[in-house]
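Everything on this sheet refers to the single structure shown next.
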């Protein structure tokens, strides 16, 4: 089984690119897309599949050279264990606003033990942001920290990863790009339908957006 330690030092310099399908692809579509994206050296691709089958995620991960990330919608260490025990993710994406601090740390410790990375998910403001910053920098497996530069002005689907646990510093922020600059200019290129992104069901927990 590959581990995040396999990545070279050059990965931590320059510009990082990540992508997401927001749980909207089936297995064949995800496999074809990741094969096409392989030459572009993505840092990771998050949530290519719905949270229906950990084994399907594990199979996709085994067949892809693009690191697979997931877990934004999981809400406890036990839920994460269902997926991580099957090798579903290269990068695990806990959110302390969902899990709480203790379960986030439990997930982080398991990721480190498995050789996986942590990319904290943070789609909140105030206390949720601080929770995620606090525990992300406390986890040795953290690869990147998600932070929204201006939640009030960003439309759904726009975020920014601006912090690196490797240096424990925040990168300078540029003004939000045109896709995020005004609520009057909603994104039209989203892979998911409006209001369908906030919550996803997982085995044993059915949620409605």
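Could you check how many residues of the stretch 34-60 are in a helix (DSSP H, G or I) and crowded, with 23+ Cβ neighbours inside 10 Å?
Taking the stretch 34-60 and keeping what is in a helix (DSSP H, G or I), we get 34-40, 54-60.
When the remaining residues are screened for being crowded, with 23+ Cβ neighbours inside 10 Å, the result is 34, 57.
The qualifying residues number 2.
Within the stretch 91-115, can you find the residues that are in contact with a helix residue (DSSP H, G or I) (Cβ under 6 Å, 6 or more places away or on another chain) and buried (at least 23 other Cβ atoms within 10 Å of the Cβ)?
92, 94, 96, 104, 107
If we keep just the residues of the stretch 73-94 that are out of contact with any strand residue (DSSP E or B) (no Cβ under 7 Å at 6 or more places or on another chain) and not in a helix (DSSP H, G or I), which is nearest to residue 122 (Cα to Cα)?
The residue in question is 75.
Given the conditions (1) farther than 21 Å from residue 149 by Cβ; (2) touching a residue at least 24 places away in the same chain (Cβ under 8 Å), which single one is not true for residue 69?
(1)
Would you point out the residue of the stretch 116-147, among those that are surrounded by fewer than 21 Cβ atoms within 10 Å (Cβ to Cβ) and assigned to a helix (DSSP H, G or I), that is farthest from the chain's Cα centre (by Cα)?
Filtering first and then ranking leaves 127.
Quick note: the coordinates plus some simple rules give every number you see, no bench work behind them. Just so you know, these numbers come straight off a predicted model, no measurement behind them. Backbone-built Cβ (ideal geometry, glycine too); neighbour counts: all protein chains shown.
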